[in-house]
Amino acid sequence: MPAPPQQPDPPIYRELMRTWADRGRTLPGRHDPEWIRLAAPQVKHGQFSVPRDLLGDGR
């Protein structure tokens, strides 16, 4: 069964999206470089040392 055709967004929603975009806000379903930067891991490789396993207990 084919999917029903997708309805266009209501005019009020399109206007809201346009207003947000004009103000530089994050938009649903759009790439957000600030979120990518904030969600990226902050720990750099080699930043912390790994304790040696002196007792052979698997730590």
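General remarks:
- Each peptide in 27-33, 2-8, 13-19 was scored by the mean count of other Cβ atoms within 10 Å over its residues; highest first, the order is 13-19, 27-33, 2-8.
- Applying 1/(1 + (r/R0)^6) with r as the Cβ-Cβ distance of MET1 and GLN42 and R0 = 35 angstrom yields a FRET efficiency of 0.15.
- With respect to the chain, whose longest principal axis is taken over its alpha-carbon atoms, helix 11-22 is tilted by about 50°.
- Here the chain is assigned +1 on the Cβ of each Lys and Arg and -1 on the Cβ of each Asp and Glu. Its dipole about the Cα centre then comes out at about 160 debye.
- Helices in the chain, meaning DSSP H runs of at least 4 residues, each add -39500 (n - 2.57). Divided by all residues, the mean residue ellipticity at 222 nm is -9500 deg cm²/dmol.
- Gain in span if fully extended, SER49 to ASP9, counting 0.36 nm per residue against the direct Cα distance: 9.2 nm
- Just the protein heavy atoms count here, and of the accessible area of the chain at 1.4 Å, carbon and sulfur take up 59 percent.
- Label-point separation, GLU34 to ASP22 (7 Å along Cα→Cβ), nm: 1.9 nm
- Looking at the chain, the accessible area is 106 square angstrom per residue; that uses a 1.4 Å probe and ignores ligands, DNA and RNA.
- Kirkwood hydrodynamic radius (C-alpha pairs) into Stokes-Einstein, the chain, 4 °C and 1.567 mPa s, D in µm²/s: 76 µm²/s
The values are calculated or read from the model by the stated rules, or taken from the named source; none is laboratory data. All values derive from a computational prediction rather than experimental measurement. All Cβ positions, even for glycine, are placed from backbone atoms using ideal geometry, and neighbour counts span all protein chains on display. With ligands, DNA and RNA removed, areas are computed over all heavy atoms of the protein, side chains included. Shrake-Rupley method; radii C 1.70, N 1.55, O 1.52, S 1.80 Å.
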